[in-house]
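Notes follow once the structure below has been shown.
Bear in mind that the values in this text are calculations on the coordinates, not laboratory data. Being a predicted model, the structure only gives us computed values, none of them experimental. Heads up, the Cβs are rebuilt from the backbone with ideal geometry, glycines too, and the neighbour counts pull from every protein chain shown.
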Amino acid sequence: MDNFSFEIKEKSYYDFLCGRVKVLETYLLDTDTLIALKNKDFQSFVSVLQGYPYKKYISKIDFPEVREAIFKRREEEFEEFSKFGLEPFINVFLRSANYFLLVKKAYLGYKVSDDFKEFLLKGVGSYPKHFYECFSDLKKNKYPSYLIPIVIDSYYLSFLMDYAKLTKSAFIEEYYQSFTEAILIQILMRSYNFLNVGFLKEDEFLKIVEFLNQKFQNISILKGIDSVSSFTRMINTQKYFYREKSLSENWEVLTQEILKSILLKGKYFNEGIEPIFVYLLKLNAETSVLQKLAYALYYGLETSDISELELVYE
């Protein structure tokens with residue numbers, strides 16, 4: 001059972017790791033290299049990775065091997081940080097999404113581990129309460145199918161914001177507040193597009209708006225949205241802030257813009273948990289982009305749509 005209960009120590013406790021992070025950052029791919037990778041073939045892509053720590057995990061040039069190498073590099077570094085008591089911190093901010101996927105699987109009737117299923121059913125154990133509350137909410141309210149993923153997303157976002165407060169870092173809290181706002185905009189924009197193509201009815205769109213307003217009463221971006229027209233007015237008023245050209249776009253670039261912004265601010269931290277958090281976000285972003293690139297290049301798919309390439313970090 002993974003541990004999610006972390007305690008942030010005094011800043012001096014992290015001095016060694018902060019120094020270590022300075023070194024580890026030199027082993028990350030810079031933005032120009034990442035962008036250049038989208039124009040390479042798969043073999044050339046792998047050749048670039050072999051100039052970085054991924055090399056020791058790659059024994060042959062095929063997609064499953066390379067995908068696993070990217071994953072192993074990330075997990076090995078996570079393990080190194082875990083030796084300093086940061087495993088619960090990593091579990092919360094970089095692995096918890098997988099647990100909410102398990103909540104969804106359990107709700108849909110798929111098999112999950114016995115101890116996790118027992119926790120979801122009874123709420124007794126050391127897992128975070130958010131998993132149990134999410135599962136119980138789904139079972140109790142019998143949401144329509146279009147709302148189920150949104151309900152799960154809402155509990156995941158609440159989980160991240162709640163745990164961000166436990167870090168006692170205004171920087172980390174700011175990131176997850178902004179991240180939550182961006183995801184909520186994405187949810188509403190995606191739902192709006194579904195409405196426009198007939199996948200959703202207007203009353204279903206409004207049920208999504210109502211649910212999010214009830215769940216996130218302190219998120220200012222949702223205030224005043226009570227109809228389709230009020231949503232489109234809000235988007236047209238604020239779209240310049242989000243750097244989107246039109247309502248037809250998917251808005252997934254928002255989370256990448258926010259990640260880029262927070263990582264730029266993170267450059268100015270030299271002590272405490274913040275430099276470590278920033279490095280872990282960078283590593284996670286890099287490996288996520290590389291796995292998408294590996295898949296696209298191996299199967300000959302378009303790479304220009306991978307927005308993270310230009311927005312990961314500076």
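Think of the range 147-251 as having a plus end and a minus end, set by charges on the Cβ of Lys, Arg, Asp and Glu; of Ser178, Leu222, Met161, Ser178 sits farthest toward the positive end of this dipole.
Taking 26 Å as the limit for the C-alpha separation, the pairs Lys129/Lys165; Lys9/Lys165; Lys139/Lys282 exceed it in the case of Lys139/Lys282. Across the range 147-251, the volume of the C-alpha convex hull divided among the residues equals 95 Å³ per residue.
Computed from point charges on the beta carbon alone (+1 for Lys and Arg, -1 for Asp and Glu), the dipole magnitude for the chain about its Cα centre is near 400 Debye.
Compute, for the range 147-251, the length of the dipole vector about the Cα centre, with Cβ point charges of +1 (Lys, Arg) and -1 (Asp, Glu) only. Units Debye, rounded to 20.
That gives the range 147-251 a dipole magnitude of about 180 debye.
In the range 46-137, inverting the average of 1/r over every pair of distinct C-alpha atoms gives 15.5 Å as the Kirkwood radius. Can you give the log10 of the normalised intensity I(q)/I(0) at q = 0.13, 0.15 Å⁻¹, computed with Debye over equal Cα scatterers of the chain? The Debye formula, applied to the Cα set alone, gives -1.13, -1.42. What FRET efficiency comes out for the pair Ile219/Lys129, r = Cβ-Cβ distance, R0 = 22 Å, nearest 0.05? Calculated transfer efficiency: 0.55. Among the DSSP helices (H) of the chain, those spanning at least 15 angstrom by Cα along their long axis with an average Kyte-Doolittle hydropathy of -1.0 or more are 96-107, 148-166, 170-196, 202-215, 228-242, 253-266, 274-298; this is a geometric and hydropathy rule only.
Mind checking the full-extension length gain between Leu301 and Leu94? Use 0.36 nm per residue of separation minus the Cα-Cα distance, one decimal, nm. Before the final figure, lay out the partial values.
On the way: separation 207, 0.36 × 207 = 74.52 nm, distance 2.75 nm.
Extra length available between Leu301 and Leu94 comes to 71.8 nm.
Label separation (Phe63 vs Glu174): 4.1 nm, computed from points 7 Å beyond Cα along the C-beta direction.
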